[in-house]
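Below is one structure; the comments refer to it alone.
The values are calculated or read from the model by the stated rules, or taken from the named source; none is laboratory data. Not measured: the values here are computed from a predicted model. Note that we place each Cβ from the backbone using ideal geometry, even for glycine, and neighbour counts take in every protein chain shown.
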Amino acid sequence: MNLKNDIFLLCDQVRETAFALHSYLKYGHMEKVYENGLAHRLRQTGLRVDQQSALKVMDEDGTPLGDYFADLLVEEKLIVELKTCKALASEHVAQLLGYLRGCRIEHGLLINFGTPKLEIRKYALSAS
């Protein structure tokens, strides 16, 4: 399997797991509850999931600028940023894209558990 298909399968697995968790818990909990629940369920499937993992934010020339603490880092290649708000906003997207760029990770999911209908958006940055 090539890496491109691998990341899409990984994203599908995270989406399906998030949907199942949202179907069970519904909405209205604190973000940490969904973070713990999603991490737990993903680990049960055999995936490596790090919570609040410190990722180095780098400048263009590779100079470390600080740390970003990812809600979830799945298989060391997918940042999952969780929200519990009424609606995803442009600043949430900008936040995730900034994390992807600064940490030099190509793929991310933005998931909002704060509404009756689960919201999931996938983002990708090219290496160039």
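Numerical summary
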{"read-out": "Some residue of the range 33-47 being closer than 19 Å to Glu75 by Cα, of a type in the set (Gly, Ala, Ser), over 13 Å from the mean Cα position of the chain (by Cα) and not in a helix (DSSP H, G or I)", "value": "yes"}
{"read-out": "Subset of the range 65-80 [without any contact (Cβ under 8 Å) to a residue 60 or more places away in the chain, surrounded by 19 or more Cβ atoms within 10 Å (Cβ to Cβ) and hydrophobic (A, V, I, L, M, F, W, C)]", "value": "Ala70, Leu72, Leu73, Ile79"}
{"read-out": "So Gly62, is it within 13 Å of Val14 (Cα to Cα), surrounded by fewer than 17 Cβ atoms within 10 Å (Cβ to Cβ) and more than 15 Å from the chain's Cα centre (by Cα)", "value": "no"}
{"read-out": "Hey, Leu88 in contact with a helix residue (DSSP H, G or I) (Cβ under 7 Å, 6 or more places away or on another chain), outside any helix (DSSP H, G or I), aliphatic (A, V, I, L, M) and at pLDDT 95 or above or not", "value": "no"}
{"read-out": "Within the range 81-94, tally of residues that are of a type in the set (Lys, Arg) and either buried (at least 17 other Cβ atoms within 10 Å of the Cβ) or under 14 Å from the mean Cα position of the chain (by Cα) (or both)", "value": "1"}
